[in-house]
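Chemist: My questions all concern the structure below.
The values are calculated or read from the model by the stated rules, or taken from the named source; none is laboratory data. Keep in mind the model is a prediction, meaning the values are calculated, not measured. Neighbour counts run over all protein chains shown; Cβ positions are idealised from the backbone, glycine included. Keep in mind that these areas ignore ligands, DNA and RNA; they rest on the heavy atoms of the full protein, side chains included. Shrake-Rupley method; radii C 1.70, N 1.55, O 1.52, S 1.80 Å.
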Amino acid sequence: MTATTDTADVVIIGGGVMGCSIACNLALTAHRHGLRRIVLLERDTLGSGSTGRSSGAIRMHYSTAVNAELAWRSLNIFRNFGEIIGGDCGYTETGYLVFAGADDLETFRGNIATQQSVGVITDIIGAGDAAALAPGFVVEDAAAIAYEPYSGHADASGTAYAYATRARAEGVNIRLQTPATGIETSEDGSRVTAVVAADGTRVETGIAVAATGPWSARFLTSHGIDAPLVATRHEVLHFRRPLDLVPHHPGGADIGNRIYFRPEGQELTLVGNGNHSDVVDDPEVFAQRASPAFIQDIWQRLAQRIPPIADAELAAGYAGLYTNTPDSHPIMDRIEGIDGLYVCTGFSGHGFKLSPMVGVLMAELIGDGQASTMDISPLRFSRFAEGALNTSGYGFDVLA
Ligand SMILES: Cc1cc2nc3c(=O)[nH]c(=O)nc-3n(C[C@H](O)[C@H](O)[C@H](O)COP(=O)(O)OP(=O)(O)OC[C@H]3O[C@@H](n4cnc5c(N)ncnc54)[C@H](O)[C@@H]3O)c2cc1C
């Protein structure tokens, strides 16, 4: 193998939806900051990590203002994706229902108020209105139901490709099947000098961005950076529902039953959960298919909310990896002590819906020196050492 040397202003490591969004947004703002030579290295193919398994749900129901605002601002981009980025992100507006039980009522109401405080259109609705939106659903047992009329879902892989397509059109050099094997620093370790790839390429650069999804813990540890990141495996099922009884339904989450769901096409209902997860040591080795125990359990839980699902046909099942942090909030920050090194990871099971704004804000942080469109300090790396975790609301990660 012949080693080649290249130069770039920025090297982004990882071609999931985050890396592609960052690359595109950096390229679109290059006139402002002058970082024009942008390289993205992807170890496999675009979207081959978490992005390719994402359920694509887009909802605003979060416990913290920072996540709710990220989701709300991102929704505006999803809804106008063709004009802002170009291409098709597959955004489908279905509306989104959130069912809360009595135990979660106080947290639920507080969350709705937080979401409304950052501009999210959401409100608590009556059981009758929920029944009209979701024929075939059980609604009477819920202590409260929230409705987000503009939420829905989009195509996570398609979104990543659309960002990559626009990035390429703006001059970004995207190299597939090119794992980054190392980040080189100056002799005293104080600044980034190059990113090295498995094919022997050495890209001299002052800026490296790790957007490496479930590989992040391993990648950062190999550079002496100890981040509290854990890859966990989560399963998703698709059911072919009885259309005479449940002709259509919005997306939604059932906090008590710890499931989220959404329509997939005209006939299928997609369901995932917030409480089954296995820690995975090697992101390249995990069981790809749904397990019988999960199928049985989640089928029953979904049927509690949508009884006709008991007679549905199982259409598909698969698993993917989340990248969890201790507070289920991402890390979007520079690494103190190594100038030019940035991380953007830890999006747990809900990063896709944030990806449009993640790109905007990381481009501001990298290009301008700080994120200006909104305050992302709650997502700083140092919060773990400071014990300043974001409150996770329900205490589990039910909502995708
Ligand atoms: C089953 C499942 C359901 C989900 N459902 C939803 C949902 O409904 N709504 C929602 O908002 N979010 C959801 N998510 C979460 C969302 O998909 C993720 O938060 C998001 O895709 C993370 O994107 P990423 O770019 O950070 O990571 P990834 O998509 O994993 O991308 C990281 C990329 O980095 C590459 N890489 C790693 N190491 C290297 C290296 N050394 N060199 C080069 N490349 C490297 C990988 O190959 C990979 O392509 C779900 C996730 C899963 C798994």
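Chemist: If you build a Gaussian network model of the chain, linking Cα atoms that sit under 10 Å apart, which residue out of Y96, Y260, Y318 swings the most?
Modeler: Among Y96, Y260, Y318, the largest GNM mean-square fluctuation belongs to Y318.
Chemist: Restricting to DSSP H runs of at least four residues, report the calculated mean residue ellipticity at 222 nm for the chain, -39500 (n - 2.57) per run over all residues, nearest 500 deg cm²/dmol.
Modeler: -8000 deg cm²/dmol
Chemist: Which value, in debye to the nearest 20, gives the size of the charge dipole of segment 241-400 about its Cα centre, when Lys and Arg are +1 and Asp and Glu are -1 at the Cβ?
Modeler: 400 debye
Chemist: Using alpha carbons only, how many angstrom separate the centre of segment 188-232 from the centre of segment 332-369?
Modeler: 14 Å
Chemist: Same structure, new question: Using Cα springs under 10 Å in a Gaussian network model of the chain, which residue among D297, D155, D104 shows the largest mean-square fluctuation?
Modeler: D297
Chemist: Counting alpha carbon pairs within less than 8 Å and at least 6 residues apart, what relative contact order, in whole percent, applies to the chain? Each step should come with its number before you reach the end.
Modeler: Numbers: 954 pairs, mean separation 96.7, N = 400.
Relative CO of the chain lands at 24 percent.
Chemist: Is the C-alpha gyration tensor of segment 69-147 telling us rounded, prolate or oblate? Criteria: a/c under 1.5 is rounded; beyond that, a/b larger than b/c is prolate, otherwise oblate.
Modeler: Because a/c hits 1.5 or more and a/b fails to exceed b/c, segment 69-147 counts as oblate.
Chemist: Here's something else I'd like to know. How big is the charge dipole of the chain about its Cα centre, in debye rounded to the nearest 20, if each Lys and Arg gets +1 on its Cβ and each Asp and Glu gets -1 on its Cβ?
Modeler: With Lys and Arg at +1 and Asp and Glu at -1, about 540 debye.
Chemist: Kindly state, as a whole number, the per residue volume in cubic angstrom of the convex hull around the alpha carbon atoms of segment 11-137.
Modeler: That works out to 158 Å³ per residue.
Chemist: Most fluctuating residue of T178, T325, T107 in a GNM of the chain with Cα springs under 10 Å: which is it?
Modeler: T107
Chemist: Then there is this: Using Cα centres only, tell me the gap between segment 293-322 and segment 12-64 in whole Å.
Modeler: Here the two parts' Cα centres lie 31 Å apart.
Chemist: Still on this structure: When ligands, DNA and RNA are left out and all protein chains stay put, how many square angstrom of accessible area per residue does the chain have with a 1.4 Å probe?
Modeler: On a per-residue basis, the chain sits at 39 Å².
Chemist: Right, here's the next one. Under a 1.4 angstrom probe, counting protein chains only, how are D339, D226 ranked by accessible area, largest first?
Modeler: Working: D339 105, D226 135 Å².
Largest accessible area first, the list is D226, D339.
Chemist: How long, wide and thick is segment 284-400, going by the Cα atoms along their three principal axes, in whole angstroms, largest first?
Modeler: Principal axes ranked by extent give 56, 31, 26 Å for the Cα atoms.
Chemist: Computing the accessible area with a 1.4 Å probe over protein heavy atoms, can you report the carbon and sulfur percentage for the chain?
Modeler: Of the solvent-accessible surface of the chain, carbon and sulfur hold 48 percent.
Chemist: Calculate the translational D of segment 163-298 in whole µm² s⁻¹ from Stokes-Einstein, where the hydrodynamic radius comes from the Kirkwood formula applied to all Cα pairs, the temperature is 37 °C and the viscosity 0.692 mPa s.
Modeler: After rounding, the answer is 173 µm²/s.
Chemist: Something else: With no solvent and one point on each alpha carbon, what is the Debye value of log10 I(q)/I(0) for the chain at q = 0.09, 0.10, 0.12 Å⁻¹?
Modeler: -0.51, -0.63, -0.90
Chemist: Which value, in debye to the nearest 20, gives the size of the charge dipole of segment 121-216 about its Cα centre, when Lys and Arg are +1 and Asp and Glu are -1 at the Cβ?
Modeler: Working: 5 positive and 12 negative charges, 107 e Å.
Rounded to the nearest 20 debye, it is 520 debye.
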